[in-house]
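Working notes, beginning with the structure itself.
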Amino acid sequence: MASTVRVGIVVLYVLAMLAIGYLAMRRTRDVQDFFIGGRTLGPWMSAFAYGTTYFSAVLFIGYAGKLGWGFGIHTMWIVLGNTVVGTILAWRLLAGRTREMTARLRALTMPEFLAARYGSRALQIVAAAVVFVFLVPYSASVLMGLSYLFEMTLHIRYESALWLLAVITAVYLTMGGYLAVAVSDFVRGIVEFAGVMLMVYLLAHRPETGGFLAAASRLLGDPAVMAPGVVAVKQVGAGSPLALAIPGWLTLAALVLVTSFGPWALPQMVQKFYSIRSRADVNRAVLIAAIFALFMSFGAYFSGALTHLYYGPRLPPALMGPQGPIWDKIMPHFITTAGLPEALVLVIVLMVFSASMSSLSSLVLVSSSAIAIDVYGAFVDHRANPRRAMALMRTLCAVFVGLSLAIALSRPALIVNLMVMSWGALSAVFLAPYLYGLFWRRTTRAGVWAGIAVGLLVACVLFALWGGDGVPLAGAIGMIVPLLVVPAVSLVTRPPDAARLDAAFGTGAAGVEAAAPERLSA
């Protein structure tokens with residue numbers, strides 16, 4: 001009976017989201033409306049869209065479970081990084097300049113921005129391929145996390161939950177595009193904010209934990225539960241040429257880096273800067289986004305750390321598989337066995353569902369744009385035939401959901417690794433070209449090509465060699481190396497075209513107009 005009520009409430013929630021998608025569809029006229037809401041969103045919608053995309057089921061199910069159990073209260077370093085670096089500094093340093101420069105260059109996507117900034121259609125196509133390839137597994141990880149939760153709280157089979165979620169996402173997103181995502185993100189953000197606070201309060205007040213202050217005191221003061229993973233030394237890539245022992249503190253530092261600096265260059269996050277109405281709205285959005293990030297990240301990681309007080313020194317048999325702990329099931333099991341009131345379990349389910357749908361919608365939208373805007377648009381101006389471009393975007397949204405579904409049905413070992421690999425690879429490719437492109441006029445096309453090639457190569461090679469617990473460190477190294485390569489190559493290669501720089505930075509006679517498409521080199 002309880003699960004039937006939960007399913008009924010979730011169905012009503014889904015119908016409300018579909019209604020928002022339908023209303024947004026009536027206001028969506030062209031690709032700019034579909035992809036970035038016509039650059040007309042205010043601070044509240046932009047901030048909530050950023051936060052709900054940042055924190056998905058991967059955080060509440062994968063990260064909170066594995067990292068909360070592995071690192072205990074030391075996951076608060078990730079909370080600090082996500083709030084200060086991933087949110088406050090990102091908005092302060094990047095949002096306003098990104099909004100203005102992309103508007104001058106008439107760029108709707110990250111690949112389109114790189115093509116206009118550096119004058120290369122080939123760069124646009126390669127960047128689009130990277131976006132499409134590496135966002136598919138991330139999208140699959142979101143689907144997996146939510147399906148595990150549905151399986152344990154709504155008693156819907158994992159595979160059935162995956163199909164249900166995939167169909168909902170495809171239908172809802174293809175109708176209204178980014179406007180539907182932004183409006184529903186605002187509604188979902190309120191649900192998430194209330195849900196995470198209730199979750200922390202109720203889980204901390206279980207008899208095993210003894211209340212919030214008592215639980216925090218035990219987590220901070222008891223070496224047995226404070227940070228089990230930090231003192232562990234794990235062998236990674238045994239037998240490989242680059243086998244090494246990675247101490248827990250280094251893995252934690254890499255996770256802070258990847259999840260805090262990494263979002264600066266993730267296309268689905270940067271998209272939120274394109275769509276905001278003005279620089280004045282950026283200043284208003286910073287505080288909203290920071291508060292949201294602090295509470296969401298703290299709620300997830302603190303709840304994950306509480307598993308040590310709830311389960312004791314060992315996980316129960318229900319969470320153990322042939323290869324060891326089933327990390328992705330820790331938090332769903334914790335939530336469903338902690339004796340929480342039925343109504344509040346439903347709130348938590350809706351919270352994770354909301355976070356996941358927000359992230360999934362943004363991922364699908366950005367990935368479909370990689371083909372419809374960046375590959376197709378590199379040869380055919382999507383503004384010339386908006387109806388055809390819109391139809392292609394909608395079709396590709398459905399295709400991308402199908403590819404993510406196929407990966408999720410195969411049940412990869414760990415959704416945390418899927419997310420970190422995606423974030424690490426995308427950051428290795430885009431962070432240096434994007435940052436230097438915004439702030440340093442001397443950045444050259446050759447420097448960008450070198451940074452992309454080296455970053456992607458380093459990240460992929462290290463992912464393959466180290467795998468498992470070495471994925472965060474591989475992602476961090478792949479992200480840092482291009483930050484050194486791009487300026488080094490730029491300083492020894494031919495300076496960029498002055499007219500193109502004026503168009504990008506809004507200086508000189510060319511600063512009034514964006515770089516014309518016909519001036520892009522082949």
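With the condition kept exactly as written, say whether any residue in the stretch 36-52 is at pLDDT below 75, under 30 Å from residue 306 (Cα atoms) and of a type in the set (Phe, Trp, Tyr).
Restricting attention to the stretch 36-52, the residues satisfying the condition of being at pLDDT below 75 are 36-42.
With the extra rule that they be under 30 Å from residue 306 (Cα atoms), the set shrinks to none.
No, because not a single residue in the stretch 36-52 is at pLDDT below 75, under 30 Å from residue 306 (Cα atoms) and of a type in the set (Phe, Trp, Tyr).
A quick yes/no check of all residues on (1) farther than 19 Å from residue 138 by Cβ; (2) aliphatic (A, V, I, L, M); (3) in contact with a strand residue (DSSP E or B) (Cβ under 8 Å, 6 or more places away or on another chain); (4) at pLDDT below 70:
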| position | (1), (2), (3), (4) |
| --- | --- |
| 337 | yes, no, no, no |
| 350 | yes, yes, no, no |
| 368 | no, no, no, no |
| 395 | yes, no, no, no |
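Just one of the listed residues (425, 432) is under 14 Å from residue 484 (Cβ atoms), in contact with a helix residue (DSSP H, G or I) (Cβ under 6 Å, 6 or more places away or on another chain), part of a helix (DSSP H, G or I) and among the small types (Gly, Ala, Ser), namely 432. Name the residue that is nearest to residue 108 (Cα to Cα), counting only residues in the stretch 245-289 that are surrounded by fewer than 20 Cβ atoms within 10 Å (Cβ to Cβ) and among the small types (Gly, Ala, Ser). Within the stretch 245-289, the match that is nearest to residue 108 (Cα to Cα) is 278.
Looking at this structure, is residue 93 over 27 Å from residue 248 (Cβ atoms) and either aromatic (Phe, Trp, Tyr) or free of Cβ contacts under 8 Å to residues at least 60 places away in the same chain (or both)?
Working: over 27 Å from residue 248 (Cβ atoms): yes; either aromatic (Phe, Trp, Tyr) or free of Cβ contacts under 8 Å to residues at least 60 places away in the same chain (or both): yes.
Yes: the conditions hold for residue 93.
Taking the criterion of being among the small types (Gly, Ala, Ser) and closer than 24 Å to residue 201 by Cα, the residues of the stretch 279-302 that qualify are 289, 290, 293, 297, 299, 300.
Does any residue of the stretch 224-234 turn out to be modelled with pLDDT under 65, more than 27 Å from residue 292 (Cα to Cα), among the small types (Gly, Ala, Ser) and outside any loop (DSSP other than H, G, I, E, B)? Looking for residues that are modelled with pLDDT under 65, more than 27 Å from residue 292 (Cα to Cα), among the small types (Gly, Ala, Ser) and outside any loop (DSSP other than H, G, I, E, B), one finds at least one in the stretch 224-234, hence yes.
When the stretch 104-117 is examined, which residues are found to be part of a helix (DSSP H, G or I) and under 17 Å from residue 268 (Cα atoms)?
Correct list: 110, 111, 112, 113, 114.
The values are calculated or read from the model by the stated rules, or taken from the named source; none is laboratory data. What you see is a predicted model, and the numbers here were worked out from it, not measured in a lab. A quick note on method: Cβ atoms are made from the backbone with ideal geometry, for glycine too, and the neighbour counts reach across all protein chains shown.
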